[in-house]
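Data first, discussion second: the structure below is written as structure tokens.
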Amino acid sequence: MSYNNYLDADAAWNCVCDFNKPTCVVVKHTNPCGVASRNDIIEAYRLAVKADPVSAFGGIVAFNVEVDEALAKDIREFRSPTDGETRMFYEIVVAPKYTAKGLEVLRGKSKTLRILEASKNNKGKLSLRQIGGGWLAQDSDDLTPEDIQFNVMSDKTPQENELNDAQFAWLCVKHVKSNAIVIAKNNCMLGMGSGQPNRLESLRIAMRKAGDEVKGAALASDAFFPFAWNDAVEEACQSGVSVIAEPGGSIRDKDAVECCNKYGVSLVFTNVRHFRH
């Protein structure tokens, strides 16, 4: 295990533990590039890889359920959706537990595959970061899905399925490097934009990855939109998203509300704000 292996495995594990349903998360360079929740964990795994198979190759795969023989075989044999031929390669698989057969199958995938078993983190830990001359400390961002509440700001009230999509996207965007945008639908991340100096560029990256599936999807932003017209909010509305979730707090929040009203898009403000990182 290298320094980066530990960072990436921790990022993947922290993300997958935020979801109550059987979930798979694929991480590359600490950013989730694929997230999907399904009753069938094999389907969730395949959807998570499909979200960005190029980034998933050489990444870290995390599950919040036991890895059995059937799932292990799919991890070992699944071909990249990009060409249908290349067998997917991963640095690490992390899960709460494995069956004996599941371990046996995974150990035959690659000599360099790290297989990790992890326990869910306790709440209330400090998040620490070293700077020149000292340390920065803050409470961990460990709110659960039950802690999330949305306040409808637009004329259009989102449907129940749209709110579910918004909640899923909001959980995903928590783990994406800021400026962070996530587009999701039906408990599946369709695209994400991360780490850009401006939110508009992150939005465009997320929309490009989501493609035509952006229509009717939910969009989550880890922070407020500083501008709406001729900027990120209007481009998101024009793309066909059904609901936008963000924390609000901009002096131009009213512009975001009016823009969403013009295009018939639901806008919800969250009761919590993710820690930007």
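Here are the numbers for the structure shown:
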read-out	value
Gain in span if fully extended, ALA100 to LYS262, counting 0.36 nm per residue against the direct Cα distance	52.6 nm
Per residue accessible area of the chain, 1.4 Å probe, in Å²	47 Å²
Cα Rg over Rh - region 48-87, Kirkwood	0.96
Potential lengthening between THR144 and GLU69 on full extension [0.36 nm per residue; Cα-Cα distance subtracted]	24.0 nm
For CYS33, distant residues with modelled amide H under 5 Å away	VAL26, VAL27, LYS28
Given charges at Cβ of Lys, Arg, Asp, Glu: the chain dipole, positive-most of ALA236, GLY124, VAL272	GLY124
Unit charges at the beta carbon, dipole of the chain: most positive-side option, SER140, VAL93, VAL25	VAL93
The chain, Rg to Rh (Cα coordinates; Rh as Kirkwood inverse mean 1/r)	0.98
Cα coordinate range in region 179-235, projected on the principal axes (Å, largest first)	28, 22, 17
Degrees separating the helix 160-173 axis from the principal Cα axis of the chain, which is the longest one	70 degrees
Farthest toward positive dipole pole in region 141-203 [+1 Lys/Arg, -1 Asp/Glu at C-beta], among LEU171, PRO197, SER154	PRO197
Ratio Rg/Rh [Cα only; Rh per Kirkwood] for region 1-149	1.00
About the Cα centre, charge dipole magnitude for the chain (Lys/Arg +1, Asp/Glu -1 at Cβ), debye	700 debye
Accessible-area composition of region 186-245, carbon plus sulfur, in percent [1.4 Å probe]	49 percent
By average C-beta atoms within 10 angstrom, highest first, the peptides 249-257, 16-24, 165-173, 38-46	165-173, 16-24, 38-46, 249-257
Solvent-accessible area, 1.4 Å probe, carbon plus sulfur percent, for region 13-103	49 percent
Rounded to the nearest 20 debye, dipole of region 1-129 from Cβ charges on Lys, Arg, Asp, Glu	280 debye
In Hz, Karplus ³J(HN,Hα) per residue of region 103-117 (6.51, -1.76, 1.60; θ = phi - 60°; x = Gly, Pro)	4, 4, 5, 5, 5, x, 6, 7, 5, 9, 5, 8, 10, 10, 10
At most 13 other Cβ within 10 Å, DSSP loop - trypsin sites (Lys or Arg not before Pro), region 187-223	LYS215
Radius, Kirkwood style, for region 91-233 when every pair of distinct Cα atoms is counted (Å)	18.1 Å
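The values are calculated or read from the model by the stated rules, or taken from the named source; none is laboratory data. Predicted, not measured: the structure shown is a model, and the values here were computed from it. Every residue, glycine among them, receives a Cβ derived from its backbone with ideal geometry; neighbour counts consider all protein chains shown. The area values use the complete protein model at the heavy-atom level, side chains included, leaving out ligands, DNA and RNA. Shrake-Rupley method; radii C 1.70, N 1.55, O 1.52, S 1.80 Å.
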